[in-house]
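Below is one structure, written out as structure tokens; comments come after it.
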Amino acid sequence: MLTSSSELDPPFMAGLAVITLGSPFSTMGYLGLMAAWMRRPDSSVRAGLIRAGGTSLTAYLLQGLLMSLIFSGYGLGAVGKLATAFYVPIAVAVALISLLLCSAWRRRYRLEPVESVLRRWVYLGKEGV
């Protein structure tokens, strides 16, 4: 196993160059996969993601609330108490839960809850604006 004793070691610099030069190509590949997926006929997963995407502000705030309830002192206080391997699955679970809840909300209502409050405040309670 090779280890780098300095950030200026040639193996480290070569690896950094490969990552830097290869990143745009992997990004283009991901974008191509997303474009190909978007051309497919509608599916329930795609429809749910589209509904959830329209609730990005609510999803963002909900994720912050759920993560703070899990990790902060006023919640479960799990920060520093779990093995590092548990943090990513927890984040993925919180993201999926928030997307499912937001998608379910949008199935029933036209606006997301936070967007609705924000619109009422911005337009001073005038509906239909």
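Look at ARG106 and say whether it is at pLDDT below 90, under 16 Å from GLY48 (Cβ atoms) and of a type in the set (Lys, Arg). Steps first, please.
On the way: at pLDDT below 90: yes; under 16 Å from GLY48 (Cβ atoms): yes; of a type in the set (Lys, Arg): yes.
It is true that ARG106 is at pLDDT below 90, under 16 Å from GLY48 (Cβ atoms) and of a type in the set (Lys, Arg).
Limited to region 71-103, what total is found for residues that are within 19 Å of the chain's Cα centre (by Cα) and more than 17 Å from LEU49 (Cα to Cα)?
8
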Check ALA104, ALA78, ALA91, ALA83 and return the single one that is exposed (fewer than 15 other Cβ atoms within 10 Å of the Cβ), of a type in the set (Gly, Ala, Ser) and either more than 23 Å from ARG46 (Cα to Cα) or in contact (Cβ under 8 Å) with a residue 60 or more places away in the chain (or both).
ALA83
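Yes/no per residue for (1) assigned to a loop (DSSP other than H, G, I, E, B); (2) more than 27 Å from GLU115 (Cβ to Cβ); (3) outside the structural domain of LEU96 (by TED's automatic domain parsing):
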{"position": "LEU33", "(1), (2), (3)": "no, yes, yes"}
{"position": "GLY48", "(1), (2), (3)": "no, no, no"}
{"position": "ARG51", "(1), (2), (3)": "no, no, no"}
{"position": "LEU66", "(1), (2), (3)": "no, no, no"}
{"position": "ILE70", "(1), (2), (3)": "no, no, no"}
{"position": "GLY73", "(1), (2), (3)": "yes, yes, no"}
{"position": "GLY77", "(1), (2), (3)": "yes, yes, no"}
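The values are calculated or read from the model by the stated rules, or taken from the named source; none is laboratory data. All values reported here derive from a predicted model rather than from experimental measurement. Here Cβ is always computed from backbone atoms with ideal geometry, including for glycine, and neighbour counts include all displayed protein chains.
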